[in-house]
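Here's the structure, in structure tokens; my notes come after.
The values are calculated or read from the model by the stated rules, or taken from the named source; none is laboratory data. A quick note: this is a predicted structure, and the numbers were derived from the prediction, not measured. Neighbour counts are summed over all protein chains in view; Cβ atoms, including those assigned to glycine, are modelled from backbone coordinates with ideal geometry. Quick note on the areas: whole protein, heavy atoms, side chains included, nothing else; ligands and nucleic acids left out. Shrake-Rupley method; radii C 1.70, N 1.55, O 1.52, S 1.80 Å.
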Amino acid sequence: MVTAFRPGPDKETPEDLLGHACTLVRLCGRDSAIAAVFLALVLAGTASRLAAGPPGPAALALLPVLAASFAVSASYAIRSRRTLLAVLAGVRGRTGAPVDPGVPWTPFGSAAALDVRVRDAELRRLLSAAHRCGELSWQAVAWAAATSVLFLFWTMAAAMTGG
């Protein structure tokens, strides 16, 4: 669960805030990768089971539920990625600077220092987006785990009905 983070006045340096946002972004990527692995396993298992022959009526009744859960998890992972890319593009467009401090070059527009208010506003946007993406990617993992459990029930139903 992601908790709210609000920096106090002069308690956090901009580098600390950017580091916190980068950590959240890395965690989002990890969560999305975990969800993708779960979903890939479910997709491969479902495809191989369907290729073996049509399942029974009980399994066919559970198949739309499995597909819906799969779609929800995938949509959360995609929304997380798209939200992050949109915010990063916005920050880069408004500041002309790379968001990642490890970038080895200085872009054309970042030769001048940013105004403190602009910098703080952009960091708040970035941190807010990182928290939102963290929540979305965690939802993707939760739904992927639920999809995996539903896949097990679907496989048992297919086996029990002789399909």
Please enumerate the residues belonging to region 21-64 that are in contact with a helix residue (DSSP H, G or I) (Cβ under 7 Å, 6 or more places away or on another chain), among the hydrophobic types (A, V, I, L, M, F, W, C) and open to solvent by less than 50 Å² (accessible area, probe 1.4 Å).
-> ALA21, LEU24, VAL25, CYS28, ALA35, LEU39, VAL42, ALA58, ALA59, LEU63
Going through region 49-60 in order, the residues found to be part of a helix (DSSP H, G or I) and within 12 Å of THR161 (Cα to Cα) are PRO57, ALA58, ALA59, LEU60
Taking LEU152 as the residue in question, decide whether it is over 18 Å from the mean Cα position of the chain (by Cα), over 25 Å from THR23 (Cα atoms), open to solvent by less than 70 Å² (accessible area, probe 1.4 Å) and modelled with pLDDT of 80 or more.
-> no
From the list ALA44, ALA77, which one is modelled with pLDDT of 90 or more, part of a helix (DSSP H, G or I) and farther than 18 Å from GLN139 by Cβ?
-> ALA44
Evaluate the following for ALA130: is it surrounded by 15 or more Cβ atoms within 10 Å (Cβ to Cβ) and within 30 Å of ALA52 (Cβ to Cβ)?
-> no
Filtering region 65-81 for residues that are closer than 20 Å to LEU24 by Cβ, out of contact with any Phe, Trp or Tyr (no Cβ under 7 Å at 6 or more places or on another chain) and surrounded by 15 or more Cβ atoms within 10 Å (Cβ to Cβ) leaves a count of 4
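Can you say whether VAL91 is at pLDDT 85 or above, assigned to a helix (DSSP H, G or I) and either in contact with a helix residue (DSSP H, G or I) (Cβ under 8 Å, 6 or more places away or on another chain) or not acidic (Asp, Glu) (or both), as far as the supplied structure shows?
Answer is no for this residue.
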Could you please find all residues in region 139-162 being among the β-branched types (Val, Ile, Thr) and not in a helix (DSSP H, G or I)?
-> THR161
Across region 17-50, what is the number of residues that are hydrophobic (A, V, I, L, M, F, W, C) and within 18 Å of VAL72 (Cα to Cα)?
-> 13
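Kindly indicate whether ARG81 is of a type in the set (D, E, K, R) and touching a residue at least 40 places away in the same chain (Cβ under 8 Å). Walk me through it before giving the result.
On the way: of a type in the set (D, E, K, R): yes; touching a residue at least 40 places away in the same chain (Cβ under 8 Å): yes.
It is true that ARG81 is of a type in the set (D, E, K, R) and touching a residue at least 40 places away in the same chain (Cβ under 8 Å).
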Select, from LEU39, LEU17, the only residue that is more than 15 Å from the chain's Cα centre (by Cα), modelled with pLDDT of 70 or more and in a helix (DSSP H, G or I).
-> LEU17
